[in-house]
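Notes follow the structure.
The values are calculated or read from the model by the stated rules, or taken from the named source; none is laboratory data. All of these numbers come straight from a predicted model, not from anything done at the bench. Please note: Cβ atoms are built from the backbone with ideal geometry, for glycine as well, and neighbour counts cover all protein chains shown.
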Amino acid sequence: MGKNSTGSAKTKVIHAGLLLADPDTQPKSEQSILIEGERIKAVSDGFIDPPAGSEVIDLRKKFVLPGLIDCHVHLTSQLDREYRLRKVEDSDPKVGFDAAHHASVTLAAGFTTVRDVGAAGNPDIIFALRAAIAEWKVAGPRILCVGAILSPTGGHGQTYGYRHDVCACVQSTSGICDGVDECRRAVRRQVSHGADAIKFVATGGVLSDIKAGLDQQFTDDEIRSIIETAHRLGRRVAAHAHGAAGINAALEAGVDSIEHGSFLDARSLELFIAKGAFHVPTIIAGVTVLEMAQRDGMLTPAQIEKAIIVGVKIKEALARSHKAGVTIAFGTDMGVGPHGQNAREFGFLVEAGMRSREAIKTATVNAAKLLDLADEIGTIAPGKSADVIALDSSPLDDVSVLERVAFVMARGDVCRGPT
Ligand SMILES: [Zn+2]
């Protein structure tokens, strides 16, 4: 792995049997992709003769497409039966090594870019992992991260269900803010720590162990303060939001994406379209918490009550937003479900009414736009990062083939296959 160990500085040529360079167009047969270092140099018709000294990667029997993008993951956590205990047992270094493992399985699954939307613990862990991956020291997708999640006191972004002093020692206070001034300061603090984007909780959430509902938590003024401050600093803003009042307040204030969006209403749909905001549905998270709620001992009573409602609503929400013409960007909330199984979301998107091509667009061109990286990722084109994956058959016929990638290249480095 890595630039030094595999010499990704050298020229490579991919011979692609079928190439979907831009998921907005039709796939083309017998294409060549010329890669120099970390970048795509050219895409051409036919299987070109490789330049002297270059490496040929034979994908003539494969379906080749851009590396996938997940706009909503939590690499520093993994929900399972033991997670409530691990939260107080694991040291920051342990969480960091686990996060590196989650990053590597995510990359092996074909996801070459992720946006990590925060954790209750120490935000330095994700910043360090982002750097280690960028410097080729650890295998993983390109990471954009938000630092600490912004939450009001008592809001969804805090830790509950332990002694207060225990909660205080396992969570970061850098994202807790009440009132317009503190909200502004909390955004600036995340940016000063190195956040690529800002995430705030516009409403309650399923997994916070508190009976505080699923609707708006910050006031309208606080939401405006967060979004305005972030935009002035050139950062996109993601709002965790289930209830309609919180969704609509965030959209009115100019949020860039609504994450989950379970109870979106007719007004939300109008606002999405008018404002050009993205919906990141994370259906697999809703499905996963519903399964957990039905299994003994996985969730607490406060969580179960919310999981049962959201699990059902979240898929309906996507069906409505998609039908209304809202732009959808791919997100899974992995860390709730198992890292590395991100591509299962494609099946849920299709079940909710999307065509395969539209589902693939959510994880390529649409996600690249939401992350403000449309010049860098999302399609296979000259000048872009060499993030390329391959499959044994066409995902346009059956998206489930995306769950079994046969080849992964990230930033010009071959990290999996070809098999
Ligand atoms: Zn999440």
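Might you check whether a residue that is surrounded by 18 or more Cβ atoms within 10 Å (Cβ to Cβ), closer than 18 Å to Asp178 by Cα and basic (Lys, Arg) occurs anywhere in segment 217-240?
yes
It is to be established whether one or more residues within segment 191-209 are more than 30 Å from Leu85 (Cα to Cα), in contact (Cβ under 8 Å) with a residue 40 or more places away in the chain and of a type outside the set (Gly, Ala, Ser).
Checked against the condition, which is being more than 30 Å from Leu85 (Cα to Cα), in contact (Cβ under 8 Å) with a residue 40 or more places away in the chain and of a type outside the set (Gly, Ala, Ser), segment 191-209 yields at least one hit.
Are any of the residues in segment 283-291 hydroxyl-bearing (Ser, Thr, Tyr) and crowded, with 22+ Cβ neighbours inside 10 Å? Before you say what the answer is, go through the steps one by one.
Filtering segment 283-291 down to residues hydroxyl-bearing (Ser, Thr, Tyr) leaves 288.
Then keep just the ones that are crowded, with 22+ Cβ neighbours inside 10 Å; that gives 288.
Yes.
Of the conditions (1) within 23 Å of Met409 (Cβ to Cβ); (2) in contact with a strand residue (DSSP E or B) (Cβ under 8 Å, 6 or more places away or on another chain), Ala52 clears all except one; give me its number.
With respect to (1) within 23 Å of Met409 (Cβ to Cβ); (2) in contact with a strand residue (DSSP E or B) (Cβ under 8 Å, 6 or more places away or on another chain), Ala52 is out only on (2).
Of the residues Ala329, Ala317, Ala302, which is buried (at least 22 other Cβ atoms within 10 Å of the Cβ) and out of contact with any helix residue (DSSP H, G or I) (no Cβ under 6 Å at 6 or more places or on another chain)?
Result: Ala317 is the single residue among Ala329, Ala317, Ala302 that is buried (at least 22 other Cβ atoms within 10 Å of the Cβ) and out of contact with any helix residue (DSSP H, G or I) (no Cβ under 6 Å at 6 or more places or on another chain).
Between residues in segment 107-118 that are over 18 Å from Gly378 (Cβ atoms) and residues that are within 12 Å of the ligand (Cβ to nearest atom) and β-branched (Val, Ile, Thr), which pairs lie under 6 Å by C-beta distance while being six or more apart or on different chains?
Asp116/Val73; Val117/Val146; Gly118/Val146; Gly118/Ile149
Restrict the check to segment 286-295 and report whether at least one residue is modelled with pLDDT of 90 or more, more than 16 Å from the ligand (Cβ to nearest atom), out of contact with any Phe, Trp or Tyr (no Cβ under 7 Å at 6 or more places or on another chain) and not polar (S, T, N, Q).
no
Return the pair list, or none, for Cβ contacts closer than 9 Å from residues in segment 318-337 that are on the phi > 0 side of the Ramachandran plot and within 16 Å of the ligand (Cβ to nearest atom) to residues that are part of a loop (DSSP other than H, G, I, E, B) and not polar (S, T, N, Q), at least 6 apart or on different chains.
Asp333/His74; Asp333/Val117; Gly335/His74; Gly335/Leu75; Gly335/Leu79; Gly335/Ala119
Could you run through segment 354-381 and say how many residues are surrounded by fewer than 16 Cβ atoms within 10 Å (Cβ to Cβ) and hydrophobic (A, V, I, L, M, F, W, C)?
Residues meeting the conditions: 2.
I'd like the full set of residues that are among the aliphatic types (A, V, I, L, M) and either more than 23 Å from Leu402 (Cβ to Cβ) or within 16 Å of the ligand (Cβ to nearest atom) (or both), limited to segment 109-130.
Val114, Val117, Ala119, Ala120, Ile125, Ile126, Ala128, Leu129 - these are the residues of segment 109-130 that are among the aliphatic types (A, V, I, L, M) and either more than 23 Å from Leu402 (Cβ to Cβ) or within 16 Å of the ligand (Cβ to nearest atom) (or both).
Scanning segment 68-108 for residues that are buried (at least 17 other Cβ atoms within 10 Å of the Cβ), among the acidic types (Asp, Glu) and more than 14 Å from the ligand (Cβ to nearest atom), which turns out nearest to Ala134 (Cα to Cα)?
Result: Asp98.
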